[in-house]
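Computed from the coordinates by the stated procedures, all read-outs in this text should not be read as laboratory data. Model, not experiment: these values are computed from the prediction. For neighbour counting, all protein chains shown are included, and Cβ atoms are generated from backbone atoms with ideal geometry for every residue, glycine included.
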Amino acid sequence: MQVEETPLKDCYLIKPRIFEDKRGIFLETYHRERFAELVRIDTEFVQDNQSVSSHGVLRGIHYQKGDFAQTKLVRVIFGKVLDVVVDLRPDSPTYKQTYSTILDDENLHQLYVPKGFGHGFLTLSEKSVFAYKCDDYYKPGSEGGIIFNDPDLNIDWNFPEEKMILSEKDSVLPTLKATFG
């Protein structure tokens, strides 16, 4: 497993070691001790989630607030997504900055998203199966979000906005400025 720092503080791109032969491939997607050693953070994940999305589906930008903020380890099992994170920690040197990367079933990369980050993704393939581990349980009363096309974030989704498919909830999320000032 190879761990690379992203431009955002405490956010890491994880590149697993892939073993390939005539039968196919094998990879270890998570090993707590090895992960803690490489990332220097010992995260105890308590919940696994999975979503299936069609081409053009945008989910996010979501986060959990306060005592129920979640660290996530995200990956794509099938398909291809543009994964986007936003540092929402006021005391961070990368506050209000974004990072995006392609996660797919070919590179098999994962993204470690620390507490205090917003997260979203856009399905670029015909279908995607997206999985993520969380270090705290989902609490509906603690969820928050930022609109995907926030002008202050200026995220390049590299996809026509008129072709994006959003939930009603995601299409009316507030701006960063409205939420964080």
Extended-chain gain in nm, criterion 0.36 nm per residue less alpha-carbon gap, E106 and E44: 19.6 nm
Reachable lysines from K65, criterion Cα separation under 20 angstrom, eight or more residues apart if same chain: K9, K96, K115, K133, K139, K169, K177
Long-range HN-HN contacts of I61 with modeled amide H, under 5 Å: I146, F148
For region 42-86, convex hull volume per residue from C-alpha positions, Å³: 110
Listed peptides 90-96, 35-41, 60-66 by packing density, highest first (mean Cβ within 10 Å): 60-66, 35-41, 90-96
Calculated log₁₀ intensity ratio I(q)/I(0) where the Debye formula runs over C-alpha points of region 135-181, q = 0.25, 0.29, 0.31 Å⁻¹: -1.02, -1.14, -1.19
Per residue, the convex hull volume that the Cα atoms of region 1-47 enclose (Å³): 99
Estimated vicinal HN-Hα couplings, Hz - region 142-157 in sequence order (Karplus 6.51, -1.76, 1.60; Gly, Pro = x): 10, 7, x, x, 10, 4, 4, 9, 4, x, 6, 7, 6, 6, 8, 6
The chain, helix-only ellipticity at 222 nm - DSSP H runs n ≥ 4, -39,500 (n - 2.57), divided by all residues, nearest 500: -2000 deg cm²/dmol
When the convex hull of its Cα atoms is projected in every direction, mean area for the chain (nm²): 10.7
Cα-projected label distance for N158 with S125, points at 7 Å along beta-carbon direction, nm: 1.6
Net charge dipole size for region 34-149 [Lys, Arg +1 and Asp, Glu -1 on Cβ; Debye, nearest 20]: 200
